[in-house]
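Structure first, then comments.
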Amino acid sequence: MKKILLVMVLLVLFPLNVFATTFELDDIDMNITFDESVWYVFTPDNILNNPELDELGISYDYMNAAFQNNHAYVNAILFYQDTDDYIEIFVRRSEVDFDDLTLSNISFARELGSALAEEQNASYEIYEGDYVFIQLDYIDQGLYLNEYYTIQNGYAYTLTAQKPYSFDSYDEGVVQDIVDSIFIEGAEALDVENEDNNYFVFIIVGVLALILAGAVVLGIVLVVKSRKKSEV
């Protein structure tokens, strides 16, 4: 498998942007950047006749259905060399009827983060990058999840990273580099806090819990197939 990786060596010897590819997700007004020398990156627009699907033993029909059923727009996989460890990332978007998460609305972000953490039995913190994210860490179906949420332009954007083993500081840095590459078109706006949002946190929690529900299903099946292929 050509991308079972010397990840540590590559990232030490070369800057992240040397092999960087920016994926323009026009359907969700978002760009995200991955180093394709170490990541397998699939989107609904690049899976037709994609040789990397064949390499991983995954059919177009399966992958296309997985994107549609899970409302996902990116599925990226990084395998660590000489181990069964990996990081798998999903990006999804869902419409919500609430104001953006911004620094001026940070009290709402904290309240929502606390509610989501309680719902998922997770730890959380607020991550202030180019956008305000709620970052959650928890375990689901035997996988360790490191997730970032933001609400921009009336949509909840979710980046889910999952591993079969716990995230160490290096893994977290790998995921955070991807989060920091995110650009959401038109998300510079909304500086005004809407205090009424705080009364509807429970509704957003329900919506985001539904966003969470499909991610692990897609990942488990996909990764099992890919690991079996690598062992042949």
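The values are calculated or read from the model by the stated rules, or taken from the named source; none is laboratory data. In this text the structure is predicted, and so the values were computed from the model without any measurement. Cβ coordinates were reconstructed from backbone atoms using ideal geometry, including for glycine residues, and neighbour counts include every protein chain displayed.
So the values come out like this:
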quantity	calculated
Filter result for Glu24 (at pLDDT 90 or above, within 18 Å of Tyr155 (Cα to Cα) and not small (Gly, Ala, Ser))	yes
Enumeration of residues in segment 146-171 that are free of Cβ contacts under 8 Å to residues at least 60 places away in the same chain and either under 30 Å from Asp26 (Cα atoms) or of a type in the set (D, E, K, R) (or both)	Asn146, Tyr148, Tyr149, Thr150, Ile151, Gln152, Gly154, Asp168
Of all residues making up segment 139-184, the number that are crowded, with 17+ Cβ neighbours inside 10 Å and among the small types (Gly, Ala, Ser)	3
Candidates Ile77, Ile134 - the one that is of a type in the set (A, V, I, L, M, F, W, C), in a strand (DSSP E or B) and over 12 Å from the mean Cα position of the chain (by Cα)	Ile134
Total residues in segment 17-74, condition touching a strand residue (DSSP E or B) at 6+ places or on another chain (Cβ under 6 Å) and assigned to a helix (DSSP H, G or I)	3
Segment 47-74, residues that are under 23 Å from Pro164 (Cβ atoms) and under 21 Å from the mean Cα position of the chain (by Cα)	Glu52, Leu53, Leu56, Ile58, Tyr62, Met63, Ala66, Phe67, Asn69, Asn70, Ala72, Val74
Enumeration of residues in segment 50-82 that are closer than 19 Å to Asp35 by Cβ and β-branched (Val, Ile, Thr)	Val74, Ile77
Near pairs, Cβ below 8 angstrom, 6+ apart or cross-chain, from segment 46-57 (more than 18 Å from Tyr73 (Cα to Cα)) to any residue that is of a type in the set (Phe, Trp, Tyr)	Leu56/Tyr40
Boolean, Asp99 is closer than 24 Å to Gly154 by Cβ and surrounded by 16 or more Cβ atoms within 10 Å (Cβ to Cβ)	yes
Residues located in segment 80-131, provided they are polar (S, T, N, Q) and either touching a residue at least 24 places away in the same chain (Cβ under 8 Å) or not in a strand (DSSP E or B) (or both)	Gln81, Thr83, Ser94, Thr102, Ser104, Asn105, Ser107, Ser114, Gln120, Asn121
